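Each remark here refers to the structure printed beneath this line.
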């Protein structure tokens, strides 16, 4: 009986537990504001209660009624707007017992804060809770496990240990591990303000660009100020490996505390390049370079070498840091030789319509069209194949274009010469028929004693007969003389001639007693410039020197005189041999005088004196040309000069001085 009663009791107990399962318990406790302020713009006479929780399905009831429920349930925050009066608030969660909060007094716009959590012994299955980080200053950056979260905002995280960083420029950073539990969900962090610290960045080599947190700071060596903390440093320099690392700036006013120095590693290799032939064009990645050493950044490059008449070379090279690559590129010729023997020797050679010179022509292997041509010859064209490394010999004789010449001259004894391009081609006497004469223009000269010389041109055309008849003009004895005269005039007509001569002049020198005439020898040079027969422009220069002594019973005087001068004038040829010229002359005279006593007698102005003075005036020359040949002979002339204002200090009141003499020279 008792056993049956026990079985019935256990049955009812089991049935009750199935129908009415055991409910868990909640813990509702006051807490602090975790961010955000309730604004009662639409409810100025109401009060509020804020619940922070990990539940997103809470249900609330009030004995006096709830005006509105708002907030962020998924973020773990509920806001109740209700009447400011005494009341009881029920907090319910599925699977949990209802918790009651008794509010004894509540003023308008007043806000209360509570935290709703599972009771501690009921938290076995809880894995996430909502936490709030309150940072001061409020604009500080908050990182939880490296991810940014908002200040004063409920954030769901897993229960356990997390890395919390709070930082702001000008403040000491907060970096610490925090333990998150259902009871430990509010973290209040206040950063401490710090002073700027001097920071210096150095590098070897210098002039590297410095970035701190991606902000450009200048080039090394560079100094600036930073707040204590951890920063991302980057240093860059062309052709060197960049430096990227974190630096910790410590609080200090000492410049040496936060000095960071770096030895940069060169990020280059060397290409040592030599090329044959030396005139080849070299490109590296399309850019022209020259042979020699080239410092390059690591990587792959396309090297190309080209030269006319040579095969091209192209390859990819790889440059590695710290390595030296030596490249000797020798191009191979792709040419052969075309060797030509051409008649006439002055013929033009065109290959593929391009003019070539010389008898040995280097060509790239291939087929070419060759054209040989010359004036008064029939051109010849042929093709030739050039092979690499081989010589092709060709002998070409052009066939000349010809005509015929039928020539008659009076008198029949006349000598006839045909010249072409300055070369004598034919010579004969009297009548002549020349067949197969090369076509072209010829210069004709015909001479006979007692006749005027005939000069002219003859044009011989291809496949035609040129008939030429000339008659020389007989000349008289007078005409022969005039002809010789004309030949002499022709000599002086087209070009200037030169005269080098010796002057024998009698010029005035001075003594203590006055003016005396002495021989004054010298040399001269002149040029005659043709103005048109019979006139010439004369330019000449002279140098004369004399040395004379005068001695008496009282004193002895020695005079030395050197004259430099020249003139310009007009020369008129009366005939090919006789001429006169009128000159305008100017002279610089250097004269010295030495006076000494004889027999102990005192002489006024005794001693050495020297002066340089200038004189000028007209001159008249009459001369004769004695021809030794058509281009050479003697020039003999009489000369007379008048000198005005010579300013001679050795003669009192000199007005004019005169000189006269002769010149014997050679003209050419």
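Pull up the DSSP beta bridges for region 389-469 and report the antiparallel fraction as a percent, rounded to 5.
Here the share of antiparallel DSSP bridges comes out near 80 percent.
In percent, how large is the relative contact order of region 269-330, given Cα pairs closer than 8 Å and 6 or more residues apart? Working shown, then result.
Numbers: 126 pairs, mean separation 27.8, N = 62.
Relative contact order here is 45 percent.
May I ask what percent, to the nearest 5, of DSSP beta bridges between residues of region 188-279 are antiparallel? Present the calculation step by step, with values, prior to reporting the outcome.
Details: 21 of 26 bridges.
Just about 80 percent of them are antiparallel.
For region 128-193, restrict the atom set to alpha-carbon positions and state the Rg and Dmax in Å.
Taking only Cα atoms of region 128-193, I get Rg and Dmax of 11.2, 34 Å.
Hey, how many Å between the Cα centroid of region 287-321 and the Cα centroid of region 84-156?
72
So if I take the centroid of the Cα atoms in region 561-586 and the same for region 326-340, what is the distance between those two points in Å?
70
Could you give the distance between the Cα centres of region 342-405 and region 412-440, to the whole Å?
With region 342-405 and region 412-440 each reduced to a Cα centre, they are spaced 30 Å.
For region 26-122, what is the convex hull (Cα atoms) projected area averaged across all directions, in square nanometres?
5.9
Can you say what percent of the DSSP beta bridges in region 337-405, counting only those with both residues inside, are antiparallel? Round to 5. Please list the in-between numbers first.
Working: 18 of 25 bridges.
Antiparallel bridges: around 70 percent, rounded to the nearest 5.
Values quoted throughout were computed directly from the atomic coordinates according to the rules given, and no laboratory measurement underlies them. Since the model is a prediction, treat every value here as computed from it, not as a measurement.
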